[in-house]
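Okay, so here's the structure we're looking at.
The values are calculated or read from the model by the stated rules, or taken from the named source; none is laboratory data. Since we're looking at a predicted model, the values are computed, not measured. So basically every Cβ, Gly included, is an ideal-geometry build from the backbone, and we count neighbours across all protein chains shown.
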Amino acid sequence: MADPMPAPPPKSDDRLPYRLRGQLLSSPELALFRALTKMSEGRYVVCPKVALNDIFMIVRPNENVHYFNKIFRKHVDFLLCEPQSMKPAFGVEMVKPIAKSETRTADQFMEDLFLEAGIPLVHVPSAANYVLSDLVNLFQLALTKSNARPRVDSAADSVPMCPVCGRMMVLRIHRDGPQKGKEYYGCMDNPRCPGVVPLR
Ligand SMILES: [Zn+2]
């Protein structure tokens, strides 16, 4: 008896709510992109807006979860890569020529991030156009800074292997006993394997 459900009226706009942005780079970014491309002369590929997550990996990720947030959804303005391997060679950040104190903490984190991973980070004050020799000087400065930085001990980057069976170890916490609450490495094959390594 009831009338069949009427078909919903056709929507005026059934498209997904995405539209193309006008351009990938802002005018100051575009000016620096062109200058970097010219300066590289084919020795580097200039990649704009590269996600930090694509450049860096986190060592011992189960111990360093909160470090993920520090790089998640962030990018470096430009990454210069070697053309054959696309291995990163330089990071480039545009900085405001004035009011340097504003973003000091973020700058320092980026600086430490790049330098500790062994790749120079070049800070370029944004300008309408660039003198190539000035850019080269900034790259030299960053390279000198990077070379002065002591290299991290890569042995500490990896999880130890079980001294009993040789399998990978995982971070665990003593549930009870005199060591209660303390972290240690236990064999992934625990409880079948008793292998334990104290935390450094
Ligand atoms: Zn084991």
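Among the residues making up the range 159-168, a single one is modelled with pLDDT under 85 and touching a Pro at 6+ places or on another chain (Cβ under 9 Å): Met168.
Being out of contact with any Cys (no Cβ under 9 Å at 6 or more places or on another chain) and under 19 Å from Glu63 (Cα atoms) narrows it down to one of Arg175, Arg167, Arg149, so name that one.
Working: Arg167 fails: out of contact with any Cys (no Cβ under 9 Å at 6 or more places or on another chain); Arg149 fails: under 19 Å from Glu63 (Cα atoms).
The conditions single out Arg175.
The conditions of being touching a strand residue (DSSP E or B) at 6+ places or on another chain (Cβ under 9 Å), on the phi < 0 side of the Ramachandran plot and surrounded by 11 or more Cβ atoms within 10 Å (Cβ to Cβ) are met by Tyr44.
A quick yes/no check of all residues on (1) modelled with pLDDT of 90 or more; (2) surrounded by 13 or more Cβ atoms within 10 Å (Cβ to Cβ); (3) not aromatic (Phe, Trp, Tyr):
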position: Val122; (1), (2), (3): yes, yes, yes
position: Pro125; (1), (2), (3): yes, yes, yes
position: Tyr130; (1), (2), (3): yes, yes, no
position: Val136; (1), (2), (3): yes, no, yes
position: Asn147; (1), (2), (3): no, no, yes
position: Pro150; (1), (2), (3): no, no, yes
position: Asp153; (1), (2), (3): no, no, yes
position: Asp157; (1), (2), (3): no, no, yes
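Within the range 22-46, residues that are charged (D, E, K, R) have Cβ atoms under 8 Å from residues that are modelled with pLDDT of 95 or more and not in a loop (DSSP other than H, G, I, E, B) in these pairs: Glu29/Pro48; Glu29/Asp77, counting only partners at least 6 apart in sequence or on another chain.
Pick out the one residue from Pro17, Pro61, Pro10 that is at pLDDT below 90, in a loop (DSSP other than H, G, I, E, B) and surrounded by fewer than 10 Cβ atoms within 10 Å (Cβ to Cβ).
Pro10
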